[in-house]
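The values are calculated or read from the model by the stated rules, or taken from the named source; none is laboratory data. Note that the structure is a prediction, hence the values are computed from the model and not measured. All Cβ positions, even for glycine, are placed from backbone atoms using ideal geometry, and neighbour counts span all protein chains on display. Note: accessible area is taken over every heavy atom of the protein model, side chains too, but ligands, DNA and RNA are not part of it. Shrake-Rupley method; radii C 1.70, N 1.55, O 1.52, S 1.80 Å.
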Amino acid sequence: MTSEQAPAPDPHDRLGAALRAFTDAVVRTGADPAELAAAADRVEDLTARLAAAPDAHRVHDSPYHPMSLVGGTAHPIAPQLRVTASGEGVAGTVVLGPSYEGGPGLVHGGILSLIFDHLMGQAVFTAGYSAMTVSLEVRYRAPTPLDVPLAFSAKVDSTDGRKIFVRARVRVEGGVSAEARGVFVQLTADNVARIFPAERIPPDPPPDPPSS
C-alpha cells in the first residue's frame, strides 16, 4: 500500500453507513410502486442472508462502541454524533437528516432526548463514574431543524452521595433549542452483578474517550 492509499473501510462501518443513507432515501423517495417492490425484494433477500449467519455477541463496553445506538459508526440507525472530552465535560456536533424528522423539517423531540441521555452518560463516563440514568428532564426551548449542524454539550454539575447531577444542551444557529437535566446513580458491585450477566462484562477496562 502506498502512502497515497487509504486503508479499506471496516465492513461493519461501511454497511452501517450504507444503511443509514438507504434509510434517508426511503423516507424521501418518490419512486413508483414497482421500484419500491423491487427494492423490498432485495432488502428482504439481504436480510435473510445476514440472519442466517451466527449471532455476534458484542460487548458494549463503553459509549464509544461501534454499535452504540447514538454514535456507533456501524449502527444502522445511530445519529452520527462525534463526541470529544474536555475539562468542561463532553461536546459533539451532528447533522440529523430526514430519518429523525418529527414536525415538518424538524428533529423529533424523542431523538433529542435519546441524544441527551447518551451524551450525559458520556459525561458521567468521562468523569470516571460507572452509573445509570435515574431521571431525565428535557426542556424544548425552540424548534430544532433538520440538516444543519447541532452542537451538543454535557457536563457533570455536582454529586450527592451516589447521585450524579448532569446538565446538557443543544445549540443551533447561535441559540439554544433544548436543554436537559439528568440524575445518574453510581453502580455498586451488587448492582452490576444483578443487572449485567457475567458474560457481558468486558475482561479489560473500556477504552478512554477521544480528547479534543
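Scanning the stretch 165-183 for residues that are touching a Phe, Trp or Tyr at 6+ places or on another chain (Cβ under 7 Å) and closer than 20 Å to Val83 by Cα returns Val166, Ala168, Val170, Ala178, Ala180. Taking the criterion of being buried (at least 21 other Cβ atoms within 10 Å of the Cβ), under 21 Å from Phe165 (Cβ atoms) and not hydrophobic (A, V, I, L, M, F, W, C), the residues of the stretch 59-91 that qualify are Pro63, Gly89. Go through the stretch 8-26 and give me each residue that's outside any helix (DSSP H, G or I) and not small (Gly, Ala, Ser). Correct list: Pro9, Asp10. For the stretch 134-152, residues that are open to solvent by less than 40 Å² (accessible area, probe 1.4 Å), touching a Ser or Thr at 6+ places or on another chain (Cβ under 9 Å) and under 18 Å from Val94 (Cα atoms) total 4. Exactly one residue among Thr29, Thr47, Thr23, Thr73 is of a type outside the set (D, E, K, R), under 22 Å from Thr126 (Cα atoms) and either modelled with pLDDT of 90 or more or touching a Ser or Thr at 6+ places or on another chain (Cβ under 8 Å) (or both), and that residue is Thr73.
Among residues of the stretch 115-133 that are touching a residue at least 12 places away in the same chain (Cβ under 8 Å), those with a beta-carbon under 8 Å from a residue that is in a helix (DSSP H, G or I) and surrounded by 24 or more Cβ atoms within 10 Å (Cβ to Cβ) at least six positions away or on a different chain give the pairs Ala131/Val124; Thr133/Met120.
Here Val95 meets the list (1) modelled with pLDDT under 95; (2) of a type in the set (Val, Ile, Thr); (3) in contact with an Asp or Glu (Cβ under 7 Å, 6 or more places away or on another chain) almost entirely, failing just condition (1).
When residues in the stretch 106-141 are screened for being in contact with a Pro (Cβ under 9 Å, 6 or more places away or on another chain) and within 30 Å of Asp190 (Cβ to Cβ), 7 of them pass. Exactly one residue among Asp55, Asp32 is open to solvent by 80 Å² or more (accessible area, probe 1.4 Å) and under 30 Å from Phe196 (Cα atoms), and that residue is Asp55.
Only a single criterion out of (1) under 30 Å from Gly128 (Cα atoms); (2) without any contact (Cβ under 8 Å) to a residue 60 or more places away in the chain; (3) not basic (Lys, Arg) is not satisfied by Glu44, namely (1). Here is the figure for the stretch 174-196: residues that are surrounded by fewer than 12 Cβ atoms within 10 Å (Cβ to Cβ) and within 20 Å of Leu112 (Cβ to Cβ) total 2.
No other residue among Phe116, Phe125 is under 11 Å from the mean Cα position of the chain (by Cα), surrounded by 15 or more Cβ atoms within 10 Å (Cβ to Cβ) and of a type in the set (Phe, Trp, Tyr) apart from Phe116.
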